[in-house]
Amino acid sequence: MSARTTSRTTTGRITALDLAQAELSEATKAYFAKCEEKLGLVPNVLKAYAFDEKKLRAFTDMYNDLMLGESGLSKLEREMIAVVVSSINHCYYCLTAHGAAVRQLSGDPALGEMMVMNFRAADLPPKQTAMLEFAVKLTEEPARIVEADRAALRKAGFSDRDIWDIASTAAFFNMSNRVAAAIDMRPNDEYHAMAR
């Protein structure tokens, strides 16, 4: 059986591809169980990658390092980058999943909606605005990033390591958005009601 037919949302399939889930290792089964315990679900993005455990592990290792690892950026700031990049790319999966994360982490459902629609409508501190403007430019015009863009982030209070993390987070979600668009990845239904 394929992942598409065995792992459906209540509104339909997870992806448009017919890829059978691989036999998962005990470590991956434990990781999925931990997701179920902590989140109340196994994110469909993980199920989408489950056709190849090596690809799944590469994806989760990078995601966990960027979004949960040590950083000068807060978890909320990293989620805000994910949403703003995904908004530019019109990524349904990431806007739904990471919009829910912004709502949860901020405790502010309106902020989550503003991040999805237009972060400039939010009353953000100048530091976060500078971070998001950089993520937008990196998404829309990466060849136009120049030293002045990095200098603006330093002036806003970001370290060079923070700039690396902003760039890496934006780049990861640009990649993830493109994969999600290419395979028509669908978010878990549960995300729609979270933190409303």
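Condition test on Met131, is it surrounded by 19 or more Cβ atoms within 10 Å (Cβ to Cβ), more than 30 Å from Thr15 (Cα to Cα) and in contact with a helix residue (DSSP H, G or I) (Cβ under 9 Å, 6 or more places away or on another chain)? Judged against the criteria, Met131 is a match.
Checking each residue of region 108-130 against the condition of being in a helix (DSSP H, G or I), touching a Lys or Arg at 6+ places or on another chain (Cβ under 9 Å) and at pLDDT 95 or above gives at least one match. The residue that is modelled with the highest pLDDT, counting only those in region 1-14 that are outside any helix (DSSP H, G or I) and small (Gly, Ala, Ser), is Gly12.
Name the residues in region 73-104 that are in contact with an Asp or Glu (Cβ under 6 Å, 6 or more places away or on another chain) and among the aliphatic types (A, V, I, L, M), would you? Please lay out each step first, then the result.
Restricting attention to region 73-104, the residues satisfying the condition of being in contact with an Asp or Glu (Cβ under 6 Å, 6 or more places away or on another chain) are 73, 98, 101-102.
Leu73, Ala101, Val102, listed by residue number.
Picking from residues in region 52-76 that are closer than 14 Å to Gln128 by Cβ and out of contact with any Lys or Arg (no Cβ under 9 Å at 6 or more places or on another chain), the one that is most open to solvent (accessible area, probe 1.4 Å) is Lys75. On inspection, Phe119 passes the criterion of being more than 28 Å from Ala20 (Cα to Cα) and of a type in the set (Phe, Trp, Tyr).
Take the conditions (1) small (Gly, Ala, Ser); (2) crowded, with 16+ Cβ neighbours inside 10 Å; (3) in contact (Cβ under 8 Å) with a residue 60 or more places away in the chain; Ser106 misses just one of them, which is (3). Cβ-Cβ distances below 6 Å connect the following pairs, each with a first residue in region 67-96 that is more than 26 Å from Arg154 (Cα to Cα), a second residue that is small (Gly, Ala, Ser), and a separation of six or more residues or different chains: Cys91/Ala180; Tyr93/Ala180; Cys94/Ser86; Leu95/Ser86.
Scanning region 187-196 for residues that are in a helix (DSSP H, G or I) and open to solvent by 30 Å² or more (accessible area, probe 1.4 Å) turns up Asp189, Glu190, His192, Ala193.
For region 37-75, a tally of residues being closer than 17 Å to Ser168 by Cβ and either at pLDDT below 95 or part of a helix (DSSP H, G or I) (or both) returns 12. Of the residues making up region 142-186, those that are open to solvent by less than 80 Å² (accessible area, probe 1.4 Å), without any contact (Cβ under 8 Å) to a residue 60 or more places away in the chain and over 29 Å from Lys55 (Cβ atoms) are Val146, Ala148, Asp149, Arg150, Ala151, Ala152, Leu153, Ala156, Gly157. Taken over region 15-28, residues that are at pLDDT below 95 and crowded, with 17+ Cβ neighbours inside 10 Å amount to 1.
Being among the basic types (Lys, Arg), at pLDDT 95 or above and touching a helix residue (DSSP H, G or I) at 6+ places or on another chain (Cβ under 7 Å) narrows it down to one residue among Arg154, Arg178, Arg150, Arg161; which is it?
Details: Arg154 fails: touching a helix residue (DSSP H, G or I) at 6+ places or on another chain (Cβ under 7 Å); Arg178 fails: touching a helix residue (DSSP H, G or I) at 6+ places or on another chain (Cβ under 7 Å); Arg161 fails: touching a helix residue (DSSP H, G or I) at 6+ places or on another chain (Cβ under 7 Å).
When all the criteria are applied, what remains is Arg150.
When Tyr31, Tyr49 are checked against the criterion of being touching a helix residue (DSSP H, G or I) at 6+ places or on another chain (Cβ under 6 Å), open to solvent by 30 Å² or more (accessible area, probe 1.4 Å) and more than 20 Å from Ala100 (Cα to Cα), a single residue qualifies: Tyr49.
The values are calculated or read from the model by the stated rules, or taken from the named source; none is laboratory data. If you're wondering where the values come from, they're calculated on a predicted model, not measured in any experiment. Note: ideal-geometry Cβ built from the backbone for every residue, glycine included; neighbour counts use all protein chains shown. Just the protein is used for accessible areas: all its heavy atoms, side chains included, with ligands, DNA and RNA removed. Shrake-Rupley method; radii C 1.70, N 1.55, O 1.52, S 1.80 Å.
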